[in-house]
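J.: I have a structure here, written as structure tokens, and I will follow up with some questions on it.
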Amino acid sequence: MNRILSTAGTEFRIALRNRWVAIALVLMAVFSLVLSLAGSAPTGGLGVDRLSVTVASLTSLSVYLIPLLALLMSFDAIAGESERGTLSLLLAYPIAREEILLGKLVAHLAILTLAVLLGHGLAAGVAIATDENALAGLPALFRLSWSSVLLGATFLGAGYALSALSRRPSGAAGLAIGLWLGLVVLYDLALLSAIVADNGGWFTTDAFPVALLANPADAFRLFNLTASGATAAAAGVGGAADAIPLWQSLSSVLIWPFAALALAAAAFRKVTP
Amino acid sequence: MTSTLKISALTKRFGDLAALGGVSLTVAPGERVALLGHNGAGKSTLMKIILGLIPATGGEVTICDAAPGSPAARRAVAYLPENVAFHPALTGEEQIRHYLSLRGESPSLAMGLLEKVGLGQAARRRIGTYSKGMRQRVGLAQALIGNPRLLVLDEPTSGLDPVSRREFYALLDDLAAQGASILLSSHALTEVEARTDRILILSRGRLVAEGTLSDLRRRADLPVTMHVTARNGYAPDIARALPGAILVDGALHLTCAQTEKLETLGRIAGLGDKVADLEVLPPSLEDLYSHFSQQGAQ
Ligand SMILES: Nc1ncnc2c1ncn2[C@@H]1O[C@H](COP(=O)(O)OP(=O)(O)OP(=O)(O)O)[C@@H](O)[C@H]1O
Ligand SMILES: [Mg+2]
């Protein structure tokens, strides 16, 4: 336990000095403020409070931003130690590889959580200050907060796994960007074009829901939109998926962090310094 | 338990390359052993196997009755890898505090350790601002944590100035006096000469020589060199009396086998007043080293 905490403290310090903490906090704060100010302009007619509107746009933003931040913080975790030569030293210490990973995870997840809390807190503040009905959106915001942290944990795990697989920080960075583009950007485009080509056939009814749930970023968006009953209003992939029950997307959101971390542990176990 | 480290018939292959071929050795408590060998001889590979970082292909290694890499072995062994670069964003003190926590020791011991290796002044500065030798000392400081039974140090003095090297070996003497075993590799032959109990020479993955320095000298039986300085004008006389001597810068240089040493000295003494000065040079450590490495290569 002490070893995990010490690792976490050291990693947090490094992230603080490498400005990852500042970058994460500023990005989340700025985007949340912009979205909540923009979201509060033309409300009224829809019968939806301002905070709920902001949560819907924050959800779309988080799908991109949280995985990116998580991957940027994690890609160096093992490859960097390996390149500096500290990995062989660390592995000679009486600490298990899982403990090393957990220590890093605790630090990186704490930074992400801070960023999410700051951003969401600002968004809530703006919404509540401008609309007295905004309190109605708080449960949706809370749901978005904890699912964002879980989404972060998933991509941290994926980043550690890539870091262990590539051994070189430059290689790990490339893989991390590739993963981000693939899962967050290209995946949805591919699904959409497949749906268009399929024209309501087998793919749309059977394969598409599974494909959405299999991607942690899509499952995250789906879960938040379904839970707040906003799928009908959402465009694109989210709008095409209102048939998927909530418990399925929730399961995906809950299972992915563990799966990704198990993957990272398996990849790390194979590393010989 | 008599030996801290026991290795028998250890082999390691990297694909086609035999990095280690049947190495056997033991290190007793309190013993300081130097591992010498050319680049690529297998020194670092041997150390990594001892630490359980890479698996051996064959043979056996036991450290304090435990297997390499087992929790018991990891607690007993301290390691200094070659070319280690600690995170530049941390200070020396933070880095050592972390390593103390990992060994279950109190982080408050960090300053004491850093002072021991001469980093007391720089402890609160970031490692990124350290010089090469200072970074190396951070590595030494972490190797002193706890009371390791065995220290495995891969080129620990690389980057250290001569005074620091002396201080470093003094630290090792203290540890050895308390019963710690030390296995270190080095390319600086003269420094291991006086500061270690035993020398192992590794050549292409094989142990080609093992013993104290005087053992090795005796076994190698390398010729002794003598420099005889003649009194004015007597050089030709002396050259005649000592066949095989050659004149270099006014002095006569000759070599003879160990067994002929006394006889040759007697002959020189017989020349009496003609000799101004005499220097006897035993084979240097470099000579010994290349003798055994070449022997191993054949
Ligand atoms: N991971 C590896 N994969 C393949 N070959 C390796 C690996 N590690 C070491 N070797 C090879 O094993 C041999 C021994 O290497 P090692 O690093 O043990 O040498 P060394 O004695 O420490 O040399 P130096 O004095 O330069 O540090 C070398 O030929 C090296 O190329
Ligand atoms: Mg080496």
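The values are calculated or read from the model by the stated rules, or taken from the named source; none is laboratory data. Computed from a predicted structure; not experimentally measured. Backbone-built Cβ (ideal geometry, glycine too); neighbour counts: all protein chains shown. Accessible surface areas use protein heavy atoms only, side chains included; no ligands, DNA or RNA. Shrake-Rupley method; radii C 1.70, N 1.55, O 1.52, S 1.80 Å.
J.: Which residue pairs have Cβ atoms closer than 8 Å, lie 6 or more positions apart in sequence or on different chains, and pair a first residue in segment B:161-187 that is within 14 Å of another protein chain (Cβ to nearest Cβ) with a second residue that is away from ligand 1 (no atom under 16 Å from the Cβ) and open to solvent by less than 10 Å² (accessible area, probe 1.4 Å)?
T.: Sorted first by the residue in segment B:161-187, then by its partner, the pairs are B:L183/B:L5; B:L183/B:V27; B:L183/B:L150; B:L183/B:L151.
J.: Name the single residue that is farthest from the chain's Cα centre (by Cα) among those in segment B:34-73 being open to solvent by less than 10 Å² (accessible area, probe 1.4 Å) and away from ligand 1 (no atom under 15 Å from the Cβ).
T.: The selected residue is B:A73.
J.: Can you tell me which residues in segment A:7-17 are facing chain B (nearest Cβ under 9 Å), under 16 Å from B:G104 (Cα atoms) and surrounded by fewer than 20 Cβ atoms within 10 Å (Cβ to Cβ)?
T.: A:G9
J.: Also, quick follow-up: Mind listing just one residue for me: the one in segment A:241-273 that is in contact with a Phe, Trp or Tyr (Cβ under 8 Å, 6 or more places away or on another chain) and surrounded by fewer than 18 Cβ atoms within 10 Å (Cβ to Cβ) and, of those, modelled with the lowest pLDDT?
T.: Going residue by residue through segment A:241-273, those that are in contact with a Phe, Trp or Tyr (Cβ under 8 Å, 6 or more places away or on another chain) are A:241, A:246, A:249-250, A:252-253, A:260-261, A:264, A:267-268.
Now drop any that are not surrounded by fewer than 18 Cβ atoms within 10 Å (Cβ to Cβ), which leaves A:246, A:250.
On the way: A:L246: 85, A:L250: 90.
The qualifying residue modelled with the lowest pLDDT is A:L246.
J.: Output the residues belonging to segment A:18-40 that are within 17 Å of the chain's Cα centre (by Cα) and away from chain B (no Cβ under 14 Å). Don't jump to the end; show me each part of the working.
T.: So the first thing to find is which residues in segment A:18-40 are within 17 Å of the chain's Cα centre (by Cα), and the list is A:20-21, A:23-29, A:31-32.
Scanning segment A:18-40 gives A:I23, A:A24, A:L25, A:V26, A:L27, A:M28, A:A29, A:F31, A:S32.
J.: Could you say which residue among B:E31, B:E94 is away from ligand 1 (no atom under 16 Å from the Cβ), crowded, with 19+ Cβ neighbours inside 10 Å and free of Cβ contacts under 8 Å to residues at least 40 places away in the same chain?
T.: B:E94
J.: Just give me the residues in segment A:62-104 being away from chain B (no Cβ under 14 Å), open to solvent by 20 Å² or more (accessible area, probe 1.4 Å) and not hydroxyl-bearing (S, T, Y), in sequence order.
T.: A:L68, A:L72, A:F75 - these are the residues of segment A:62-104 that are away from chain B (no Cβ under 14 Å), open to solvent by 20 Å² or more (accessible area, probe 1.4 Å) and not hydroxyl-bearing (S, T, Y).
J.: Any residue at all in segment B:18-31 that is within 14 Å of chain A (Cβ to nearest Cβ) and farther than 24 Å from B:A177 by Cβ? Even if it seems obvious, please write down each step before you answer.
T.: As a first pass, look at segment B:18-31 and keep what is within 14 Å of chain A (Cβ to nearest Cβ): B:19.
Still in the running and farther than 24 Å from B:A177 by Cβ: B:19.
Checked segment B:18-31: at least one residue is within 14 Å of chain A (Cβ to nearest Cβ) and farther than 24 Å from B:A177 by Cβ.
J.: Take the residues in segment B:1-30 that are among the polar types (S, T, N, Q) and assigned to a loop (DSSP other than H, G, I, E, B); name whichever of them is farthest from ligand 2 (Cβ to nearest atom). Reasoning before the result, please.
T.: Here is the first cut: in segment B:1-30, the residues among the polar types (S, T, N, Q) are B:2-4, B:8, B:11, B:24, B:26.
Filter once more, so that each one left must be assigned to a loop (DSSP other than H, G, I, E, B): B:2-4.
Details: B:T2: 29, B:S3: 24, B:T4: 22 Å.
Among those residues, the one meeting the criterion is B:T2.
J.: Regarding segment A:34-47, can at least one residue be identified that is in contact with a Lys or Arg (Cβ under 7 Å, 6 or more places away or on another chain) and part of a helix (DSSP H, G or I)?
T.: Residues of segment A:34-47 that are in contact with a Lys or Arg (Cβ under 7 Å, 6 or more places away or on another chain), as a first pass: A:39-40, A:43.
Narrowing the set further to residues that are part of a helix (DSSP H, G or I) leaves A:39.
Looking through segment A:34-47, at least one residue is in contact with a Lys or Arg (Cβ under 7 Å, 6 or more places away or on another chain) and part of a helix (DSSP H, G or I).
J.: What's the number of the condition B:P156 fails, among (1) within 16 Å of ligand 2 (Cβ to nearest atom); (2) more than 19 Å from B:K43 (Cα to Cα)?
T.: If we test B:P156 against (1) within 16 Å of ligand 2 (Cβ to nearest atom); (2) more than 19 Å from B:K43 (Cα to Cα), just (2) comes out false.
J.: Next question, about the same structure. If we scan segment B:111-134, do we find a residue that is within 12 Å of ligand 1 (Cβ to nearest atom) and among the acidic types (D, E)?
T.: Residues of segment B:111-134 that are within 12 Å of ligand 1 (Cβ to nearest atom), as a first pass: none.
Among the residues of segment B:111-134, not one is within 12 Å of ligand 1 (Cβ to nearest atom) and among the acidic types (D, E), which makes the answer no.
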